[in-house]
Structure formats: C-alpha cells, structure tokens
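Read through the structure below, which is laid out as structure tokens, and then see the notes.
The values are calculated or read from the model by the stated rules, or taken from the named source; none is laboratory data. Just so it is clear, the model here is predicted, and its values are computed rather than measured. As a convention, Cβ positions derive from the backbone with ideal geometry for all residues, glycine included, and neighbour counts pool all protein chains shown. Please note that ligands, DNA and RNA were not included when accessible areas were found on the heavy atoms of the full protein model with its side chains. Shrake-Rupley method; radii C 1.70, N 1.55, O 1.52, S 1.80 Å.
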Amino acid sequence: MDFKLKKEEKLTSRTAINLLFNDGRSLMAFPLRAAYRQRPRGDQPVHFLISIPKKRIRRAVDRVTLRRRVREAYRLTRREFLLDPIAGRDCGVDIAFVYLDKTIAPYSVIHEKMISLLSRIAQLAAEQPDMSCHETDS
C-alpha cells in the first residue's frame, strides 16, 4: 500500500476553502473539528487542510508539532476509513481539520479522534446521493 501524501491532495484553492467553511458541514471529536464538503470528483478523491490556530497554540514549535501529528494520523488512517468506503462514488470530499484545544494532545489521542472523524465523514458521504455533489454553487 502507498501511504504517501501527495502535494495534489492538499486543499489550496481559496475558492474551495471559502466554500468549505461557508457551505460545508462540521463534525467534532475533541480536540479536532472537521469541516467537510462534497464536490465533483476531480483528479483526487479527497483534498485536505490542517489548521492549528495561533490564537490557541501560541508557540510556533508547538503548532508545527501538532500539525505533524494531525497529518500523520490522517496519512495512516485515510485509506482504510475514508478512501475505501467512498471509492466507487462520483463525488470527492474536501476536508479541513481544525485543532481546538489549548494544550498539546498526545499522538494517540489525535489518532483515535482522526479515526472517529474519518469514519463518520465516510458514512455521511455514503448516505448522500451522488447527485448532491453535482449541484451548481450559488
């Protein structure tokens, strides 16, 4: 299995990010919140973004540590809990992970919460019809 995260999987488009936070849905598994939105499937089935707010974690070293932990938890769990369940669909998913706590959580907690979020997102995406991702954005 290929566990690499490619640059194309990152969510970088300002338009897509604005749509995600304005029109997307949100799930929480403290200390993480995931905002997600279905979209027409493009080159990648899932695009992701990780945000560690400076307002909550003041030291840059701690923000980098948390960003690495969240990215690693996503990298190791995405195939089993997200990509495989939505594999046969015409829709893709944009996801933003936002860290909410003011303290640095251990990797084991982040990994456990990541599994919870990804499995719930996959379940909700599977329940929605494929037509919902082809709606015109207004």
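Test of understanding: extend the Cα→C-beta vector of MET28 to 7 Å, then name every residue of the stretch 36-65 with backbone N under 18 Å from that spot. Taking a point 7 Å out along Cα→Cβ of MET28, the residues of the stretch 36-65 whose backbone N falls under 18 Å are 36, 51-53, 55-57. Solvent exposure of the chain amounts to 58 Å² per residue of accessible area, where only protein heavy atoms count and the probe is 1.4 Å. Under 27 Å from the Cα of LYS102, which lysines turn up, not counting those fewer than eight places away in the same chain? Straight-line reach from LYS102, under 27 Å: LYS10, LYS54, LYS55, LYS113.
With a sphere of radius 11 Å drawn around the Cβ of ILE115, what net charge do the other residues whose Cβ falls strictly inside it have (Lys, Arg +1; Asp, Glu -1)?
After counting each charged neighbour, the total is +1.
The charge dipole of the chain, taken about its Cα centre with unit charges on the Cβ atoms of Lys, Arg (+1), Asp and Glu (-1) only, comes to about 1020 debye. Of the whole protein surface, LYS4 contributes about 140 Å² of accessible area at a 1.4 Å probe radius. Legend: helices of the chain (whole DSSP H runs) are marked when their alpha-carbon atoms reach 15 angstrom or more along the helix axis and their mean Kyte-Doolittle hydropathy is at least -0.5; marked are 107-127.
With each run of n ≥ 4 DSSP H residues scored as -39500 (n - 2.57), what mean residue ellipticity at 222 nm is computed for the chain after dividing by its residue count and rounding to the nearest 500 deg cm²/dmol?
Calculated mean residue ellipticity at 222 nm is -12000 deg cm²/dmol.
Computed with a 1.4 Å probe on the full set of protein chains, the accessible area for ARG25 sits at about 130 Å². Beta-bridge orientation, the chain: approximately 65 percent antiparallel, per DSSP, counting only bridges with both partners inside. Ordered by solvent-accessible area of protein heavy atoms (1.4 Å probe), largest first, the residues ASP2, ASP23, ASP62, ASP94 come out as ASP23, ASP2, ASP62, ASP94.
Ignoring ligands, DNA and RNA, what percent of the 1.4 Å accessible area of the chain is carbon and sulfur? List each step's numbers first, then the result.
Numbers: 3990 of 7950 Å².
Taking all protein chains in place, the chain shows 50 percent carbon and sulfur surface.
When the Gaussian network model of the chain links Cα atoms closer than 10 Å, the mean-square fluctuations of LEU76, LEU124, LEU100 top out at LEU124.
Would the stretch 5-138 count as rounded, prolate or oblate if I go by the C-alpha gyration tensor, calling it rounded below 1.5 in a/c and otherwise prolate when a/b exceeds b/c, oblate otherwise? Taking the square roots of the gyration eigenvalues as a ≥ b ≥ c, the stretch 5-138 is prolate.
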